Amino acid sequence: MHKVLILLVALGLTVFDAQAERIKDIASVAGVRDNQLVGYGLVVGLDGTGDQTTSTPFTVQSLASMLGQLGVNLPPGLSLQLKNVAAVMVTGTLPPFAKPGQAIDVTVSSMGNAKSLRGGTLLMTPLKGADGQVYAMAQGNLLVGGAGASAGGSSQQINHLLAGRIPAGATVERAVQSALGQGDSITLELNDTDFTTASRVTDAVDRVFGRGSAQALDGRVVQIKAPLEPNKRVAFLSQLENIQLNPGLASPKVILNARTGSVVMNQLVALDKCAVAHGNLAVTITAEPQVSQPGAFSGGQTVVTQKADIQIKSEKGEMVVMPAAATLGDVVKALNAVGATPQDLLAILQAMKAAGALKAELEII
C-alpha cells in the first residue's frame, strides 16, 4: 500500500488563530469588475497548416466577405482551396476603468481543423461584450508556445499549436461606464458569505470613519457612506481597502475530486475516534481464443471461440482504530494509518462523514 498523499491547502485561513487581513483581500467594491470580450476572425500567413476548406466552409465564406469589404469581388461559384488561412475565436478581458486607446492582451484559438497557428497573423477583429457592442479591436502576430513537424508519415509535436496569444494585441475602443462615482455610498461585496466577517467589517469601518458609516445588509454585502467628490472618494477608497481586521474563521471543508482522486482539506478539519476496515477487491478477466478445426473432407468450417477465465482476489482488510484528531497534522497521520490509496480515500471519507466521525463539510467536484 502506498501512503496517502493529501494536499494541505488552506481553503480559508492558514492558521487556527485568525490573523489580520486587509479589506481589499477579503472583499471587492461593487461595480469594479472585469468584462469578457469575444470575437470571430481570420488568421493568415500560415505555412500550409490552415483550415481544410472542404471541411470548414465558413472559413471560405468569411474570407470572401472580408475581401468584398476591401473591394475585391470574387466570381460567383469560385472554389477556393486555401491552406494558409484559419478561422479563429478571439477572447480577451476588459479591465475595470479601461479607457479608449488602452491595449489589452488577447487569446486566439482555432475553431476549424487547422494543424497549427504558428507564424500566423490575426486580421482586424472586433471584440464584443455581452451586450453585443464592440469594445475593442484586435490585430497582430500570434505567439504560439508549441512547435511541431511532420514528414513521411511521421510527426513530432511539443505543446499545443492551435492556440496562441497576442500581447497588447487589442485596442480599447469603448469604455464601460461605472457607477462607482454615483450616489453617497459604495457597496462592498465579501468574497465568501460569512455573517461574522460582515459584522467585523462593519465594526472596523465604524472605528475608522465614525459610528454609522457602515451597514451590513446581509452576510455578503456591506454598504458604506462615501464622499461625493471624485478626488475625495478615491482617497476614501484607498483608506478603506487598507483597513485591517480579523475575519471570521472559515468552515472546515474537504474537497474531493472524483476524477483525479485528489483530496484537499483546510486546517479546521477535525476527526472523532472511529474504527475503519479497508480491503481491496480485484477482478481479473482473461480471454484466450480457441480454434475448432473440422476434419478433412467433412465440409465443416473453422470456428474461433473465446474462452474466458475470471479470477476474483480479495485482500484482507484489518480494522484500524483511528484516534480523535483536532489538528490537520493528526488527521493526516490517522488517514495514512489506514493504508488506502487516494482513490480509496474518497469512499472512506464519505463513510466517515456519514458516521459522524469527520467534522467537516464534504464537497465533491
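The values are calculated or read from the model by the stated rules, or taken from the named source; none is laboratory data. Since we're looking at a predicted model, the values are computed, not measured. Glycine gets a Cβ as well: all are built from the backbone with ideal geometry, and neighbour counts include every protein chain shown.
Laid out as a table, the results:
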{"quantity": "Residue, surrounded by the fewest Cβ atoms within 10 Å (Cβ to Cβ), within segment 30-43, restricted to residues that are in contact with a strand residue (DSSP E or B) (Cβ under 7 Å, 6 or more places away or on another chain) and farther than 17 Å from Pro126 by Cβ", "calculated": "Asp34"}
{"quantity": "Members of segment 349-361 found to be part of a helix (DSSP H, G or I) and either surrounded by 19 or more Cβ atoms within 10 Å (Cβ to Cβ) or of a type outside the set (A, V, I, L, M) (or both), listed by number", "calculated": "Leu349, Gln350, Met352, Lys353"}
{"quantity": "When residues of segment 44-53 are limited to those that are in contact with a strand residue (DSSP E or B) (Cβ under 7 Å, 6 or more places away or on another chain) and surrounded by fewer than 22 Cβ atoms within 10 Å (Cβ to Cβ), the one farthest from Tyr135 (Cα to Cα)", "calculated": "Gly45"}
{"quantity": "Some residue of segment 207-218 being surrounded by fewer than 18 Cβ atoms within 10 Å (Cβ to Cβ) and within 30 Å of the chain's Cα centre (by Cα)", "calculated": "yes"}
{"quantity": "Residue in segment 126-139 that is farthest from Gly164 (Cα to Cα), counting only those that are in contact with a Phe, Trp or Tyr (Cβ under 8 Å, 6 or more places away or on another chain) and surrounded by fewer than 23 Cβ atoms within 10 Å (Cβ to Cβ)", "calculated": "Gly129"}
{"quantity": "Answer residue from segment 261-281, given it is in a loop (DSSP other than H, G, I, E, B) and under 15 Å from Ala347 (Cβ atoms) and is modelled with the lowest pLDDT among those", "calculated": "Asn280"}
{"quantity": "Per-region count, segment 25-58, residues in contact with a Leu (Cβ under 7 Å, 6 or more places away or on another chain) and among the hydroxyl-bearing types (Ser, Thr, Tyr)", "calculated": "1"}
{"quantity": "Options Asp131, Asp25; residue that is within 30 Å of Ala216 (Cβ to Cβ), under 30 Å from the mean Cα position of the chain (by Cα) and not hydrophobic (A, V, I, L, M, F, W, C)", "calculated": "Asp25"}
{"quantity": "Candidate set: segment 216-250, residues that are out of contact with any strand residue (DSSP E or B) (no Cβ under 8 Å at 6 or more places or on another chain) and of a type in the set (A, V, I, L, M); chosen: the one nearest to Thr193 (Cα to Cα)", "calculated": "Ala250"}
{"quantity": "Matching option when the condition is in contact with a helix residue (DSSP H, G or I) (Cβ under 6 Å, 6 or more places away or on another chain) and assigned to a loop (DSSP other than H, G, I, E, B), among Leu78, Leu82, Leu117, Leu74", "calculated": "Leu74"}
{"quantity": "Of all residues making up segment 347-365, the number that are among the β-branched types (Val, Ile, Thr) and in contact with a helix residue (DSSP H, G or I) (Cβ under 7 Å, 6 or more places away or on another chain)", "calculated": "1"}
{"quantity": "Residues of segment 282-326 classified as under 30 Å from Ala357 (Cα atoms) and either in contact with a helix residue (DSSP H, G or I) (Cβ under 7 Å, 6 or more places away or on another chain) or at pLDDT 75 or above (or both), total", "calculated": "6"}
{"quantity": "Failed item in (1) in a strand (DSSP E or B); (2) at pLDDT 90 or above; (3) surrounded by fewer than 20 Cβ atoms within 10 Å (Cβ to Cβ); (4) not basic (Lys, Arg), with Thr196 passing the rest", "calculated": "(1)"}
{"quantity": "Hits in segment 19-45 - residues which are not acidic (Asp, Glu) and not in a strand (DSSP E or B)", "calculated": "Gln19, Ala20, Ile23, Lys24, Ile26, Ala30, Gly31, Val32, Arg33, Gly45"}
{"quantity": "Selection status of Gln139, in the same structural domain as Lys115 (by TED's automatic domain parsing), at pLDDT 95 or above and either polar (S, T, N, Q) or in contact with a Lys or Arg (Cβ under 7 Å, 6 or more places away or on another chain) (or both)", "calculated": "yes"}
{"quantity": "Matching entry among Ser109, Ser116 (being crowded, with 17+ Cβ neighbours inside 10 Å and polar (S, T, N, Q))", "calculated": "Ser116"}
{"quantity": "Residue in segment 192-215 that is closer than 30 Å to Thr107 by Cβ and touching a Lys or Arg at 6+ places or on another chain (Cβ under 9 Å) present", "calculated": "yes"}
{"quantity": "From the options Val60, Val72, residue that is in contact (Cβ under 8 Å) with a residue 12 or more places away in the chain, in the same structural domain as Lys128 (by TED's automatic domain parsing) and of a type in the set (Val, Ile, Thr)", "calculated": "Val60"}
{"quantity": "Residue match in segment 77-96 (condition: at positive phi and at pLDDT below 90)", "calculated": "yes"}
